[in-house]
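Q: Mind looking over this structure? Questions follow.
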Amino acid sequence: IAMAIGKFVHIGVDLVLLTTAMAGIRRATGLKFKAESVSDSKDVQGYIESYLNIGEKALDIASVQMSNSPNYFTRK
């Protein structure tokens, strides 16, 4: 059971890292993932948008934490 929980946590962290990277790409380039390309279902599109919003929130949190650490990070 502990091994299964560990794998579940590992996959969850990987998914958050992936969506955070996608959020960074969106902010840097303006390119956005089209949820419509995956499914015509509005429910599935809503789940995809919710998933992508997790990355946006994670990127916002990381930005705030970095700006609160001026000894390690500076603005260009």
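Q: Looking at the stretch 1-26, which of its residues are surrounded by 11 or more Cβ atoms within 10 Å (Cβ to Cβ) and charged (D, E, K, R)?
A: Once the filter is applied, which keeps residues that are surrounded by 11 or more Cβ atoms within 10 Å (Cβ to Cβ) and charged (D, E, K, R), the stretch 1-26 yields only Arg26.
Q: Scan the stretch 1-60 residue by residue and report those that are among the polar types (S, T, N, Q) and touching a residue at least 24 places away in the same chain (Cβ under 8 Å).
A: At the first step, the residues of the stretch 1-60 found to be among the polar types (S, T, N, Q) are 19-20, 29, 37, 39, 41, 45, 50, 53.
Matches in the stretch 1-60: Thr19, Thr20.
Q: With the requirement that a residue be more than 24 Å from Ala62 (Cα to Cα) and either hydroxyl-bearing (Ser, Thr, Tyr) or in a helix (DSSP H, G or I) (or both), what does the stretch 8-47 give you? Walk me through how you get there before you give the answer.
A: Residues of the stretch 8-47 more than 24 Å from Ala62 (Cα to Cα): 34-46.
Scanning the stretch 8-47 gives Ala35, Glu36, Ser37, Ser39, Ser41, Lys42, Asp43, Val44, Gln45, Gly46.
Q: Mind listing whichever residues of the stretch 50-76 are touching a Phe, Trp or Tyr at 6+ places or on another chain (Cβ under 9 Å) and open to solvent by less than 70 Å² (accessible area, probe 1.4 Å)?
A: Matches in the stretch 50-76: Leu52, Ser67.
Q: Would you say Asp43 is modelled with pLDDT of 95 or more, closer than 24 Å to Thr74 by Cβ and loosely packed, with under 13 Cβ neighbours inside 10 Å?
A: On the way: modelled with pLDDT of 95 or more: yes; closer than 24 Å to Thr74 by Cβ: no; loosely packed, with under 13 Cβ neighbours inside 10 Å: yes.
So Asp43 does not fit the description; no.
The values are calculated or read from the model by the stated rules, or taken from the named source; none is laboratory data. What you are looking at is a predicted structure, and each value in this text was computed from that prediction instead of being measured. Glycine gets a Cβ as well: all are built from the backbone with ideal geometry, and neighbour counts include every protein chain shown. In case anyone asks, the SASA skips ligands and DNA or RNA and just uses the protein heavy atoms, side chains included. Shrake-Rupley method; radii C 1.70, N 1.55, O 1.52, S 1.80 Å.
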